[in-house]
Amino acid sequence: MDRFLINGGKKLNGTVHISGSKNAALPILVATLLTDEKCVLRRVPNLRDVRTTLKILEYLGKKITYQNNTVTVEANGTLKNNLPYELVKQMRASFWVAGPLLTRFKQADIPLPGGCAIGVRPVDIHLKGFEKLGAVCDVKAGNVLLRAQRLQPAQIILRFPSVGATQNLLMCACLIPGETILENTAKEPEVDDVIAFLNKMGADIHTDDKGRLIVHGQTVLHGAEHTVVADRIETGSFVLAAAATRGDVTVADCVPEHNAILLSDLREAGFTLDVTDTSVHVHAYNGEIKPVRVRTAPYPGFATDLQAPWMTLMTLCTGTAEIDEDIFENRFMHAPELVRMGANIYTEKSVARVTGVQKLSAAHVQASDLRGGFALVMAGLCADGKTEVERIYHIDRGYENLEQKLTALGANIRRYNPDKDEF
Ligand code: UD1
């Protein structure tokens, strides 16, 4: 298994270009199941989760070409309406094919995604919504069986603004003639990008003045072309890595307003940022990093996906910073690894108290999820000496060309496989 070897203690310096958003690309790829016509998607990041999604589309009967970040999805015979566990277990977002398959075939069999490292992550909000739309949902032998004689439009109030459930229900509703109203939906930029793509396919989705999503279902959707929005989590990750290494970095080709809270928290911590419509320049800063309390929340709140990299920054603050993780119940697995690198962190339930230290120390650590893995890479970049991060397959799920991008910023990081490579 690949690892990262990092020789840390160097400030990042230069410009990094942000890739297309993983969390927008995945549901947009899934949305191509809503048509038999050709779809062309640009700025699709080359990542493990994207490749898994392409395998799923191929399994279901689509023909895929993927070159230079452009994916073409075309019909290739009749679509299947079921997925094997083998594919679902690789990525929880696989469950999102349920909405498109149900709406097209009135029947879909999808294995339950089950738990994952960052928490239980049930799909009850998806299923409640499908039931409102007229489906019967049964769980048998680990599979969700969705059946409907006829689907009907409905008014659905989500008990929590789940990103996945919002996208799944939108995809389902846009092929159900009539007016579906979705309330308390996720407002993440990735959801807006999915809506933009669905509307290009001929869907009719808009937000009303009460913030509800109004879907006027169609009988058929068409092929469409779309360029995926910039990845705000990759953007935030590089901004934080620049800050933590005390570097001077321009994060380019991004949408800074999607990271508004993060940028304001960073300014509060002491950093100077120059922000344009498409870039964030983090100025080199050698002063004290002030402790800033963050609480994760649905967008536009502080992104749970940036909580771990934020924690790494706060390990270097002067004083004690509190972090509340209110989205996922088990998302501090990076904390004990950071402690192994000299950090002072105390966690209790959903709260972490991080008391800053002068320096982190290099160590051999292990990633246990995607963003927590990035937090360890960040810590390795800050610590003097050699850090080895194991299980980077988690990180490969969500960061395109990470070591190349960091190397271009002056980091000393390389991928290494102890079974194949010379140390
Ligand atoms: C998406 C993102 C993930 C991000 C998360 C929250 C993708 C591929 N992943 O995940 O990176 O961290 O949003 O911003 O886009 N929940 C339920 N029942 C449900 C659905 C969700 O209880 O039916 C709970 C989850 O367990 C979790 C919370 O709601 O505690 C948020 O989950 P959700 O917004 O659905 O996250 P995902 O769409 O899985």
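What whole number of Å gives the distance from the Cα centroid of region 275-295 to the Cα centroid of region 125-159? Each part reduced to its Cα centre gives a spacing of 44 Å. Listed by Cβ neighbour count within 10 Å, with the fewest neighbours leading, Glu400, Glu183 appear as Glu183, Glu400. Axis of helix 22-31 versus longest Cα principal axis of the chain: the two differ by about 10°, to the nearest ten degrees. Just to be sure I understand: with springs between alpha-carbon atoms less than 10 Å apart, which residue in Val294, Val339, Val191 has the highest mean-square fluctuation in the Gaussian network model of the chain? Maximum among the listed residues: Val339.
Averaging the Cα positions of each part gives two centres, and for region 168-204 and region 399-423 these lie 39 Å apart. When shorter helices are ignored and each DSSP H run of at least 4 residues is given -39500 (n - 2.57), the per-residue value for the chain at 222 nm works out to -8500 deg cm²/dmol. Do any of Lys22/Lys132; Lys38/Lys420; Lys11/Lys349; Lys128/Lys200; Lys10/Lys290 go past 31 Å between their Cα atoms, and which? Over 31 Å Cα-Cα: Lys38/Lys420; Lys11/Lys349.
Summing charges over all other residues whose Cβ lies under 12 Å from the Cβ of Ala173, with Lys and Arg as +1 and Asp and Glu as -1, gives -1.
Taking a ≥ b ≥ c as the square roots of the Cα gyration tensor eigenvalues, with a/c under 1.5 meaning rounded and otherwise prolate when a/b beats b/c, else oblate, which class fits region 166-272? Verdict is prolate for region 166-272. Near Asn76: Cβ cut-off under 12 Å, other residues only, Lys/Arg at +1 and Asp/Glu at -1. The net charge is +1. Comparing Val139, Val44, Val282 in a Gaussian network model of the chain where C-alpha atoms under 10 Å apart are linked, the largest mean-square fluctuation is found at Val139.
For a straight C-alpha distance cut-off of 17 angstrom, the aspartates and glutamates reachable from Lys89 (same-chain residues fewer than eight places away being disregarded) are Asp49, Glu58, Asp109, Asp369, Asp396. Each of Ser368, Ser21 has some number of other Cβ atoms within 10 Å of its Cβ, and from fewest to most they run Ser368, Ser21. Structure remark: mean-square fluctuation, Gaussian network model of the chain, C-alpha springs under 10 Å; the largest value among Asn13, Asn168, Asn76 belongs to Asn76. The residues neighbouring Gly9, those whose beta-carbon lies less than 11 Å from its own, together hold a net charge of +4 under the Lys/Arg +1, Asp/Glu -1 convention. Restricting region 30-97 to GluC sites (Glu not before Pro) that sit in a DSSP loop and have at most 16 other Cβ atoms within 10 Å of their own Cβ leaves Glu37.
Any read-out appearing in this document is the output of simple, stated calculations on the displayed coordinates, not a laboratory observation. All values derive from a computational prediction rather than experimental measurement. For neighbour counting, all protein chains shown are included, and Cβ atoms are generated from backbone atoms with ideal geometry for every residue, glycine included.
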